Amino acid sequence: MSVPVPITASLYALQVPIPYPMKTVTVLVDAPRRGPVTLIDTALDTPEAKQAIEDGLAALGLHWPDIDRVIITHHHPDHYGLAGLIEERSGASVQMLDVEIGRGERYWHLWEEWLPGHLKHMRDHGLPAASLDGMGAENRKSRDRVHPASRVQPLREGQMVPLGGGDWEVLWLPGHADGHLGLWNEREGLLIAGDAILPRITPNIGLYAYTRPDPLGDYLQTLGKLEALNPARAVVGHHGPLMTGIQARARELRAHHHERLDFVRARVAGTPLTAYDLSLAMFNRDLNLSGRRFALAETLAHAEHLRLLGQLYRTWDEAEEAWLYHA
Ligand SMILES: [Zn+2]
Ligand SMILES: [Zn+2]
């Protein structure tokens, strides 16, 4: 049972179970005495998650139909999965950053059409043909736990959103997802961060077929933004609900990505390599298929960042039928 953790006057955090290594995702409930009831993020569409949210709402004297608005930090299944179901059960308005509606959210609606391109992108970067079927099946499993919303309303960077008795500024924090949204309460020095920054694990920065061309470049800018903002506390998507030391963590994550960039440069200095081969060296451990997919997308984000800076180039290898990165 997820006991609601108070964050501000009317804002509560639930730790909702997900079948991923992080074990839980943070779902926020804003239940002011007067004014709309808001949910921030929704967890996956699983019976366990639904029950945990229902219990959390009940502990606050609320039920599904009481929800007026759902704000989603980003389109990943563990944050967006129940958006459509809540929309149906409560008539709530679902809101996301405009950038995320155009790409990330669309992915769930166009999943069937986009899957071949998604797999081809992985194949073109060296994923063995033998892994493709398994990867497709993994993707389908994720898709089955997502109930897309039918009418998502756009929020814009810089817009103010009333929540928890205060005013929150909408931030655009791209990198982990193209249109990752943050909510910033300057008075309290409090950031609702989703997966834009996390304690203990580094947010996955991956280049996929449908993402902006340089997610790592985006993320390094986001880290700069977070460092300058210097929140006293942040509500985070995993291993939370609260974290402190955000400025120091942002610096640590930047150093981590620079180390990986050095690693990629050094590896391709002698031998041209595909992003997949690079990912085997960078994530040199046993990983299941979805782990390998994250590793490939993450490695590719680093290789492409260097290519766009003019520090690496790539050529198409006819024999391998894949891109090779060169120094
Ligand atoms: Zn995420
Ligand atoms: Zn997440």
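Here the contact order of the range 128-282, divided by its residue count and restricted to Cα pairs under 8 Å and six or more residues apart, works out to 15 percent. Extension gain, Thr244 to Arg33: 0.36 nm times the residue separation minus the Cα-Cα distance gives 73.1 nm. Annotation note: GluC sites (Glu not before Pro) in the range 274-327 located in DSSP loop regions with a Cβ neighbour count of at most 14 within 10 Å are Glu318, Glu320, Glu321. Distant-in-sequence amide contacts of Gln159, defined by a placed amide H-H separation under 5 Å and a gap of 5 or more residues or a different chain, comprise Val170.
Contact order normalised by length for the range 89-217, with contacts defined as Cα pairs under 8 Å and 6 or more residues apart; what percent is it? The normalised contact order for the range 89-217 reaches 28 percent.
For the range 203-327, the spread of Cα positions along the three principal axes, ordered from largest to smallest, is 53, 32, 26 Å.
Rounded to the nearest 500, the helix-only mean residue ellipticity at 222 nm of the chain stands at -12000 deg cm²/dmol, with each DSSP H run of n ≥ 4 adding -39,500 (n - 2.57). Could you check how many percent of all C-alpha pairs in the range 141-229 are farther apart than 22 Å? Tail of P(r) above 22 Å: 36 percent of Cα pairs.
Entry note, the range 31-134: relative contact order of 25 percent, from Cα contacts under 8 Å with a spacing of 6+ residues. Decide, for the chain, between rounded, prolate and oblate: order the square roots of the alpha carbon gyration tensor eigenvalues as a ≥ b ≥ c, take rounded if a/c falls under 1.5, and otherwise choose prolate if a/b is larger than b/c, else oblate. Verdict is prolate for the chain. Label-to-label distance for Glu320 and Ala228 is 3.9 nm, based on points extended 7 Å past Cα in the beta-carbon direction.
In loop segments of the range 1-83 as defined by DSSP, the trypsin sites (Lys or Arg not before Pro) with at most 10 further C-beta atoms inside 10 Å of their C-beta are Arg33, Arg34. Along the range 72-81 the Karplus relation, 6.51 cos²θ - 1.76 cosθ + 1.60 evaluated at θ = phi - 60°, assigns HN-Hα couplings of 10, 5, 6, 7, 4, x, 6, 10, 9, x Hz to successive residues, with x for each Gly and Pro.
Of the trypsin sites (Lys or Arg not before Pro) found in the range 181-281, the ones in coil according to DSSP and having at most 11 other Cβ atoms within 10 Å of their Cβ are Arg187, Arg200.
Once the C-beta distance of Lys141 and Phe294 is scaled by a Förster radius of 22 Å, the resulting FRET efficiency is 0.90 to the nearest 0.05.
Full extension of the segment from His258 to Phe283, taken as 0.36 nm per residue of separation minus the current Cα-Cα distance, would add 7.4 nm.
Rule-based calculations on the coordinates, nothing more; no lab input. In this text, all values refer to a predicted model and were calculated from it rather than measured experimentally. Backbone-built Cβ (ideal geometry, glycine too); neighbour counts: all protein chains shown.
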